[in-house]
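Every read-out reported here was derived from the displayed coordinates using simple, explicitly stated rules and does not represent laboratory data. In this text the structure is predicted, and so the values were computed from the model without any measurement. Using ideal geometry, Cβ is built from the backbone for each residue, glycine included, and neighbour counts are taken over all protein chains shown.
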Amino acid sequence: MSDSTPLLAFLTLALMCGFTNSMRFELRSGLTKCIAEDIKNNAMTVGKYSVVNPNEDHPIPDNHKLVVKVSSPSGNSYHYGDHVESGNFAFTAAESGDYTTCFWIPESKDNPIVTIDFEWRTGIAAKDWSKVAKKGQVEIMEFELKKLFDTVQSIHDEMFYLREREEEMQELNKSTTSKMFTFSFLSIVVCLSVASLQLWHLKSFFERKKLL
C-alpha cells in the first residue's frame, strides 16, 4: 500500500465526521427537547438513542422512559417510540429540509432529570462500512477507494444542493427587491397625490376667503 493511503483514509474519515451528530443531554420529565438536522432529498439517515441508567444494578425506572418521534419538514412521522428506554431509526429522506427528532418524558411526581445518549448519522456517515467490507471481502485498497468515491459523490451532491439553495435565495432577493421598488414607487405616488390635494384645497380656501 502506498504512503498516500493513510492520508486518503484520514481525509475520508474527516469528511465523514462532518455528517455525524453525536451528543449526550439531560431532559427533565414533563419537558420536550427537539433536535433538527438539515437533510437533502434521497439522503440516507440513521439514528439511535438510549437512556443512561442511573443505577446499573437495577432496571431503568418507568419514569425515565421516553416518548420519541422523528418527523419530516412537512410533518410526516418516520419513527415513533412510546415508553421506551432505547431505540433506533433509519430511512431515506423523501424531501429536503429540517428533520426533527423530539424527546419527551411524561411528567411524574418525582420529576426526574434523565440523561440521554443520541447519535444521528446522515449521508455517507450512515453507511455501515464494516458490513460492506465483510460482505464483499474486498481488498483494503478497493475498500478505501470505495469510501473515497462515495465521499466525493456525497460532496458532489451537496454542492448541487447548495447551488439550488443559492438560486432559490437569489430568486427570493430579486422578488423582494422588485416588491420593495413597487412599494416605494406607489408610496411616492400617494405622497405626491396627497400633497397636490392639500395644495388644491389650500388654494380653494384662500380663493373663497378672497386672499388670493
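Things worth noting here:
- Note that region 175-184 has calculated 3J(HN,Hα) couplings of 5, 5, 4, 5, 5, 5, 5, 4, 5, 5 Hz, one per residue in order, obtained from phi through the Karplus relation 6.51 cos²θ - 1.76 cosθ + 1.60 (θ = phi - 60°); glycine and proline are x.
- Peptide ranges 41-53, 161-173 listed from the most packed, as the mean C-beta count within 10 angstrom indicates: 41-53, 161-173
- Here is the list for region 166-212: trypsin sites (Lys or Arg not before Pro) lying in DSSP coil, each with at most 13 other C-beta atoms within 10 angstrom of its C-beta, are Lys209, Lys210.
- In order along region 52-57, the phi-based Karplus estimate (6.51 cos²θ - 1.76 cosθ + 1.60, θ = phi - 60°) of 3J(HN,Hα) comes to 7, 5, x, 9, 5, 7 Hz; Gly and Pro are listed as x.
- When the convex hull of its Cα atoms is projected in every direction, mean area for region 37-103 (nm²): 4.6
- Once the Cα-Cα distance is subtracted from the 0.36 nm per residue extended length, the Asn55 to Ser204 segment shows a gain of 44.6 nm.
- One Cα centroid belongs to region 25-77, the other to region 151-211; the line between them spans 45 Å.
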